[in-house]
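One structure is given below, encoded as structure tokens.
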Amino acid sequence: MVWKSWLRSLVMREAKQRLASGSLDTVTSELKAATSLEAAVDVALIVNESAEAGSMLDRMTGVLKIHSQEFRLYRGLCEGRHVLVAQVSGDAARASRVTQSVIRAHRPQWVIAAGFAVPLKSQLKEQDLLMASRLIDTLGRCLKIDLDESAANTGAFQCGTVLTLDQIPTTESQRRSLGDTHGADAADTTSLGIAEACRDAGVCCLAIRIVRENLEESPPREIQHSSKQNSVSARLGSLVGGTLRRPSTVRDWFQHKQSALNSADHLAEFLKGVICHWLPLRPREESSGSSEASAESTPPPERDR
């Protein structure tokens with residue numbers, strides 16, 4: 001691939017410049033990372049927001065950004081395990097396409113759909129961690145993920161059903177209604193699409209979500225309106241307009257961002273433990289084979305009948 005050759009040459013050129021200034025350790029690690037871009041990764045994380053990606057990248061070393069026109073892609077090490085982080089905004093269909101691309105190009109043994117979710121049941125509170133044992137949507141599609149739910153008894157996380165929607169519900173009444181109608185515990189916008197792509201490719205998948213806010217809470221109207229905009233300039237303009245109408249919007253925005261960072265950090269720390277200590281991984285020499293070999297040794301989630 002042209003972009004891979006370009007990226008390798010760019011990193012090596014920068015490495016030579018740093019070598020002249022004496023940064024030998026940094027140069028060595030970056031050269032190794034550059035020459036391993038075509039190798040299979042152990043785990044791929046598919047996230048939605050920059051806070052989710054950033055918190056995970058803070059816990060990784062030797063991170064390289066892989067340029068992509070459609071989404072942001074990073075690759076690095078997490079305690080010796082090769083991890084790829086893909087940040088993609090949008091709905092389940094787009095997340096599914098990105099997951100397919102990641103699987104074809106980087107051949108992960110595991111894919112984790114990770115990020116924020118909103119609760120649909122009162123037992124889930126802000127910053128609770130939910131590992132999905134079932135993924136559904138409003139059209140009746142359903143995937144089961146084979147989990148040892150006894151592990152949830154440790155109190156570190158809960159197991160439950162995640163409902164994938166086009167739009168996140170913002171009011172308590174909407175959330176309760178969706179939870180009762182579909183028997184779901186939390187809602188997000190991408191998990192089912194990611195899991196279906198993994199099923200089709202024969203790659204093991206987990207969906208790990210952190211509850212962004214309590215059931216009865218919702219972001220202020222100005223922040224909700226801003227988040228729906230498609231560009232940075234549009235989001236900024238929406239916030240400026242909201243601030244002119246209600247000056248306290250600035251304070252609410254900072255609080256909202258800080259809450260997001262806190263939740264993302266909590267999620268990233270949990271993900272690090274899952275990636276580095278929980279997931280069974282084959283030796284990397286074996287993982288460089290085809291996706292068909294991966295499908296044989298790591299069966300995908302089963303579709304609910």
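The values are calculated or read from the model by the stated rules, or taken from the named source; none is laboratory data. Quantities reported herein were computed from a predicted structural model and do not represent experimental measurements. Heads up, the Cβs are rebuilt from the backbone with ideal geometry, glycines too, and the neighbour counts pull from every protein chain shown.
Of all residues in the stretch 81-131, those satisfying the criterion of being over 15 Å from Cys205 (Cα atoms) and within 12 Å of the chain's Cα centre (by Cα) are Gln87, Val88, Ser89, Phe116, Ala117. Report whether or not Arg141 is at pLDDT 95 or above, among the basic types (Lys, Arg) and in contact with a helix residue (DSSP H, G or I) (Cβ under 7 Å, 6 or more places away or on another chain). Yes.
Yes or no: the stretch 72-79 includes at least one residue that is aromatic (Phe, Trp, Tyr), free of Cβ contacts under 8 Å to residues at least 40 places away in the same chain, in contact with a Lys or Arg (Cβ under 6 Å, 6 or more places away or on another chain) and assigned to a strand (DSSP E or B). Yes: the stretch 72-79 contains one or more residues that are aromatic (Phe, Trp, Tyr), free of Cβ contacts under 8 Å to residues at least 40 places away in the same chain, in contact with a Lys or Arg (Cβ under 6 Å, 6 or more places away or on another chain) and assigned to a strand (DSSP E or B).
Residues in the stretch 166-190 that are under 19 Å from the mean Cα position of the chain (by Cα) and surrounded by fewer than 23 Cβ atoms within 10 Å (Cβ to Cβ): 4 in all.
When the residues of the stretch 207-222 are filtered to those that are of a type in the set (Lys, Arg) and modelled with pLDDT of 90 or more, the one that is nearest to Leu135 (Cα to Cα) is Arg209. Of all positions in the stretch 86-98, at least one carries a residue that is in a strand (DSSP E or B), among the hydrophobic types (A, V, I, L, M, F, W, C) and at pLDDT 95 or above. Given the structure, is Ala39 within 16 Å of the chain's Cα centre (by Cα), outside any strand (DSSP E or B), hydrophobic (A, V, I, L, M, F, W, C) and modelled with pLDDT under 95? Answer is no for this residue. On the basis of being of a type in the set (D, E, K, R), touching a residue at least 60 places away in the same chain (Cβ under 8 Å) and buried (at least 19 other Cβ atoms within 10 Å of the Cβ), does Arg107 make the cut? Judged against the criteria, Arg107 is a match.
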